[in-house]
Amino acid sequence: MRASNGGGQIKGTAQRLINAHDVALPPGYKIEVVAQGLTFPSAVAFDDNGALYAIETGYSYGEVWGEPRLLKIDANGKATVIARGPKNGPWTGITWYNGAFYIAEGGEMEGGRILKVTKDGNITPLISNLPSMGDHHTNGPVIKDGFIYFGQGTATNSGVVGEDNADFGWLMRKKNFHDIPCKDIILTGENYTSSNILTEDAKDVATTGAFVPFNTTTTAGQIIKGSLPCNGSIMRMPVQGGPLELVAWGFRNPFGLALSADNRLFITENGYDDRGSRPVWGSGDVLWEIKENTWYGWPDFSAGKPIAQDEEFKVPEKKAVKAVLKNYPNTPPKPAAIFGVHSSSNGFDFSRSSTFGYVGEAFVAQLGDMSPNVGKVLSPVGFKVVRVNVGNGVIRDFATNKGKRNGPASYLSGGGLERPLSVKFSPSGDAMYVVDFGQIQMMDKGALPQQNTGVIWKITKQ
């Protein structure tokens, strides 16, 4: 009965205040500002000399377009443009390897790409036309054993194209776009009825099944052929370019990718939302250790648990979720950790230095809830950096805003963290850099991201 009260549900966003003293840390740690005034920063990387670089996405939910950029950040926080991308953001992740940067281009307009970018600004696409024109994008990358590993998000929330995808903006641009499975699947034939937003008749309705275009029905036993590239997957390709390979699939939005000290691949996955034709309630974000040739459960499981006919995942006052797949490639594994519902747990890195501490733990940036669009929350969720013991799944706060309540700086009228999107340790491992996307005000049917409010923070142990 209570109204939603998310961290972005504020009346307006004033000029952003920056005050490191408003951030709470464990005793012995300090935080400082490295750069500010950035527009939608998403990740940082370091070259062989330890110089700091950052990327700006060039796109944000809310259909705000800009120019993706690779920036070099000097010791005084000044940003110098190294490379510029086309109107095909967001640039979601970056890594440095063997004299070049490798960037994941989200591909909202023309499909995702993996880019090789040299220090003189030359951009070479290594792969293009990835299926990323929907809700979620091409993410990562990380490099392991001579291969580029990256994530590819899904087009939809839970497998069915609906009115919510028109609210995101892409359905009106890409009317035939839908999720592509990585391997052949068999459908149960569940179909969902919604308003037909592709016509001007307010009474017109559309009936849509899973893994097909909007207003396309499916039947029980129908086979949807799998192919590469595909949605909801981790894929890889040789660093120099070459054939695409499937690593694992069955993810909703595999956003963050990182390697542990013993070279194991972990990812963060954004859980389902309470929206669209097939809404799912109470689905937490997940930290997974990746096992090759394994299906992880989307769109019929959450964190290894089946969602069909389960009260835990049933939206109040709506029908229980029904399965859309007739059978499953395997039983999904158990996650390494489960984060808060709608916390938007994203980019992360592992501590590997005793100077910083917590060696072997994963430090995860939580962008924070996007309520009410993704579902109701009674108070802000996320907006912090947490640390995870990947051995037992225990999650603890590490960097949060001070105050009696949790939330972003704009919600608390402070100068601390706004929306942490990723973290990255310095090459020596003694400093952690937090990429803060900036202010986002949430409206009933969209987001209002604020340009020039992004910040890069640095946390060290005194």
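Is there a residue being at pLDDT below 95, in a loop (DSSP other than H, G, I, E, B) and surrounded by 13 or more Cβ atoms within 10 Å (Cβ to Cβ) anywhere in segment 175-189? Lay out the reasoning, then the answer.
Here is the first cut: in segment 175-189, the ones at pLDDT below 95 are none.
No: segment 175-189 contains no residue that is at pLDDT below 95, in a loop (DSSP other than H, G, I, E, B) and surrounded by 13 or more Cβ atoms within 10 Å (Cβ to Cβ).
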Of the criteria (1) surrounded by 22 or more Cβ atoms within 10 Å (Cβ to Cβ); (2) over 27 Å from G112 (Cα atoms), which one D285 fails: (2)
Scanning segment 218-236 for residues that are surrounded by 14 or more Cβ atoms within 10 Å (Cβ to Cβ), free of Cβ contacts under 8 Å to residues at least 60 places away in the same chain and polar (S, T, N, Q) gives T218, Q222
Check whether at least one residue in segment 2-23 is of a type outside the set (A, V, I, L, M, F, W, C), buried (at least 17 other Cβ atoms within 10 Å of the Cβ) and in a strand (DSSP E or B), and report yes or no. no
If G37 passes every condition in (1) under 16 Å from I440 (Cα atoms); (2) open to solvent by less than 30 Å² (accessible area, probe 1.4 Å); (3) not aliphatic (A, V, I, L, M) but one, which one does it miss? (2)
Search segment 149-178 for residues that are at positive phi and pair each with any residue that is part of a strand (DSSP E or B) when their beta-carbon atoms are under 8 Å apart and the residues are at least 6 apart or on different chains. G159/A210
When you look at T156, is it assigned to a strand (DSSP E or B), among the β-branched types (V, I, T) and either at pLDDT 95 or above or touching a Lys or Arg at 6+ places or on another chain (Cβ under 7 Å) (or both), yes or no? no
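Report whether or not V359 is outside any strand (DSSP E or B), of a type in the set (A, V, I, L, M, F, W, C), within 30 Å of I103 (Cβ to Cβ) and at pLDDT 95 or above. Break it down into steps so the answer makes sense when it comes.
Details: outside any strand (DSSP E or B): yes; of a type in the set (A, V, I, L, M, F, W, C): yes; within 30 Å of I103 (Cβ to Cβ): yes; at pLDDT 95 or above: yes.
Against the criterion (outside any strand (DSSP E or B), of a type in the set (A, V, I, L, M, F, W, C), within 30 Å of I103 (Cβ to Cβ) and at pLDDT 95 or above), V359 qualifies.
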Taking only segment 111-153 into account, find how many residues are within 19 Å of the chain's Cα centre (by Cα) and either within 27 Å of I197 (Cα to Cα) or outside any strand (DSSP E or B) (or both). 13
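The values are calculated or read from the model by the stated rules, or taken from the named source; none is laboratory data. These numbers come from a predicted model, not from an experiment. No Cβ is skipped: glycine too gets one built from the backbone with ideal geometry, and neighbour counts run over all protein chains shown. The accessibility values were calculated without ligands, DNA or RNA, using every heavy atom of the protein model including side chains. Shrake-Rupley method; radii C 1.70, N 1.55, O 1.52, S 1.80 Å.
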